[in-house]
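Structure first, then comments.
The values are calculated or read from the model by the stated rules, or taken from the named source; none is laboratory data. Treat the numbers as computed from the prediction; the structure is a model and nothing was measured. All Cβ positions, glycine included, derive from the backbone under ideal geometry; neighbour counts span all protein chains shown. SASA here: full protein model, heavy atoms, side chains in, ligands and nucleic acids out. Shrake-Rupley method; radii C 1.70, N 1.55, O 1.52, S 1.80 Å.
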Amino acid sequence: MPHVVAKLHSRSLSSEETRRALRSLPRVLAELVGETIVSARYGWGSSLHADLQYVPMRLTTAALERFVEDSLAQEIVVPGSSDFCFVVGERRLEILFCHEGDIHLDGDDPLLIERLQKSGYFAEIEFNPGIRARREGERDRRK
């Protein structure tokens, strides 16, 4: 599968570390961007019909905490074993909780990405430049 450069990724995290980061995301995003629309999608390893994977769901930052908690409680996503992606705005920030146990940060707003890394539980995670697999049909953003 082709790869594209992602801005940053974490080391492989434990399931509990991933869960803590995921649970801190709603509060962190509310602090960083206020009330806005976030696009969320379930991906590889999610416990739902394949036709429902990778389908963007729009929700507000105010609704994000309940959405994340419900997704965990219903085991639609299992931290470190399922892809769970969040996109703020028109790709200002993209956060992928990867099925391989790491977190990918990407997007077009470097200041927002930097601020996220200094907020909540994300401040305890070291992020480094890296690569990620390009999804089928996804355009190469380097062009």
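General remarks:
- Looking across segment 37-47, the residues that are under 16 Å from Pro79 (Cβ atoms) and open to solvent by 40 Å² or more (accessible area, probe 1.4 Å) come down to Trp44, Ser47.
Quick grid of which residues meet (1) under 23 Å from Lys118 (Cβ atoms); (2) in contact with a helix residue (DSSP H, G or I) (Cβ under 9 Å, 6 or more places away or on another chain); (3) among the polar types (S, T, N, Q):
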{"site": "Leu13", "(1), (2), (3)": "yes, yes, no"}
{"site": "Thr18", "(1), (2), (3)": "yes, no, yes"}
{"site": "Val33", "(1), (2), (3)": "yes, yes, no"}
{"site": "Tyr42", "(1), (2), (3)": "no, yes, no"}
{"site": "His49", "(1), (2), (3)": "no, no, no"}
{"site": "Tyr54", "(1), (2), (3)": "no, no, no"}
{"site": "Ala62", "(1), (2), (3)": "yes, yes, no"}
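- Out of Gly137, Gly89, one residue alone is in contact with a helix residue (DSSP H, G or I) (Cβ under 8 Å, 6 or more places away or on another chain) and modelled with pLDDT under 95. It is Gly89.
- The residue that is modelled with the lowest pLDDT, counting only those in segment 1-36 that are part of a loop (DSSP other than H, G, I, E, B) and either among the hydroxyl-bearing types (Ser, Thr, Tyr) or open to solvent by 80 Å² or more (accessible area, probe 1.4 Å) (or both), is Met1.
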